[in-house]
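The values are calculated or read from the model by the stated rules, or taken from the named source; none is laboratory data. In this text, all values refer to a predicted model and were calculated from it rather than measured experimentally. Cβ atoms come from the backbone with ideal geometry, glycine included; neighbour counts cover every protein chain shown.
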Amino acid sequence: MEGLTILRTALKANGFFSLVTAILTLILGSTVVAINEMANGQPMTFSIQLIVFAAVVLIAAYRKKTPTILVWVIIVLDVLYVLFGFYNLSIVAPELSVGGELLIVVTNLLVALFAIFQTIGIIKYRKSLRAIN
């Protein structure tokens with residue numbers, strides 16, 4: 001059950017990181033330029049989306065039986081977030097402040113780490129389930 005521990009830890013970290021990011025974006029998005037740039041100029045919409053995502057991730061993390069398909073959907077959403085973040089950096093980079101670029105890169109790296117550990121966790125968890133049967 002080592003895979004389940006890795007998976008739950010990664011999901012919890014992802015969920016709480018998303019929730020904290022959403023709250024900070026909601027509070028500071030209209031005053032801090034870097035946060036506003038990370039939210040593509042729409043801090044309210046970005047925050048609401050992150051709060052919904054965080055709720056889904058935390059529900060998956062704390063459920064007794066973790067639904068595999070939901071974990072894969074979360075991983076895909078994390079990967080898409082990272083890909084679109086770097087795509088935005090390549091397209092919008094001249095218009096971003098240095099702080100905005102740095103915030104986007106750091107956030108993308110953290111989300112990529114969450115996706116990697118969630119993938120490792122779900123693969124180990126699935127292998128352990130097969131070993132039991």
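For region 73-103, how many residues are closer than 19 Å to Ala13 by Cβ and over 13 Å from the mean Cα position of the chain (by Cα)? Break it down into steps so the answer makes sense when it comes.
Going residue by residue through region 73-103, those that are closer than 19 Å to Ala13 by Cβ are 73-82, 85, 103.
From what is left, the residues that are over 13 Å from the mean Cα position of the chain (by Cα) are 103.
Matching residues across region 73-103 total 1.
Among the listed residues Leu4, Leu58, Leu11, which satisfies the condition of being farther than 25 Å from Leu102 by Cβ and either among the small types (Gly, Ala, Ser) or crowded, with 19+ Cβ neighbours inside 10 Å (or both)? Spell out how you get there, then give the answer.
Details: Leu4 fails: either among the small types (Gly, Ala, Ser) or crowded, with 19+ Cβ neighbours inside 10 Å (or both); Leu58 fails: either among the small types (Gly, Ala, Ser) or crowded, with 19+ Cβ neighbours inside 10 Å (or both).
The conditions single out Leu11.
Go through region 63-81 residue by residue and tally those that are in a helix (DSSP H, G or I) and free of Cβ contacts under 8 Å to residues at least 24 places away in the same chain. Lay out the reasoning, then the answer.
Within region 63-81, the subset in a helix (DSSP H, G or I) is 68-81.
Cutting the leftovers down to free of Cβ contacts under 8 Å to residues at least 24 places away in the same chain gives us 69-70, 73, 76, 80.
Within region 63-81, residues that are in a helix (DSSP H, G or I) and free of Cβ contacts under 8 Å to residues at least 24 places away in the same chain number 5.
Between a first residue in region 5-22 that is more than 14 Å from Val111 (Cβ to Cβ) and at pLDDT below 95 and a second residue that is assigned to a helix (DSSP H, G or I) and of a type in the set (A, V, I, L, M, F, W, C), which pairs have beta carbons less than 7 Å apart while being 6 or more apart in sequence or on different chains?
Ile6/Phe117; Ile6/Ile120; Leu7/Val71; Leu7/Ile122; Arg8/Ala61
List pairs: first residue in region 88-102 and within 19 Å of Ser30 (Cβ to Cβ), second residue of a type in the set (Val, Ile, Thr) anywhere in the structure, Cβ distance under 7 angstrom, at least six positions apart or on different chains.
Cβ pairs passing all conditions: Ser97/Val33; Gly99/Val33; Gly100/Val33.
Please verify whether Pro43 is surrounded by 19 or more Cβ atoms within 10 Å (Cβ to Cβ) and either farther than 13 Å from Val111 by Cβ or not small (Gly, Ala, Ser) (or both), treating the condition exactly as stated. Even if it seems obvious, please write down each step before you answer.
Numbers: surrounded by 19 or more Cβ atoms within 10 Å (Cβ to Cβ): yes; either farther than 13 Å from Val111 by Cβ or not small (Gly, Ala, Ser) (or both): yes.
Here the answer is yes, as Pro43 does meet what is asked.
Kindly check whether there is at least one residue in region 83-92 that is assigned to a loop (DSSP other than H, G, I, E, B), at pLDDT below 85 and farther than 17 Å from Glu2 by Cα.
First, pick out the residues of region 83-92 that are assigned to a loop (DSSP other than H, G, I, E, B): none.
No: zero hits.
Conditions: (1) under 21 Å from Ala13 (Cβ atoms); (2) not in a helix (DSSP H, G or I). Asn40 meets all but one. Number of the miss?
(1)
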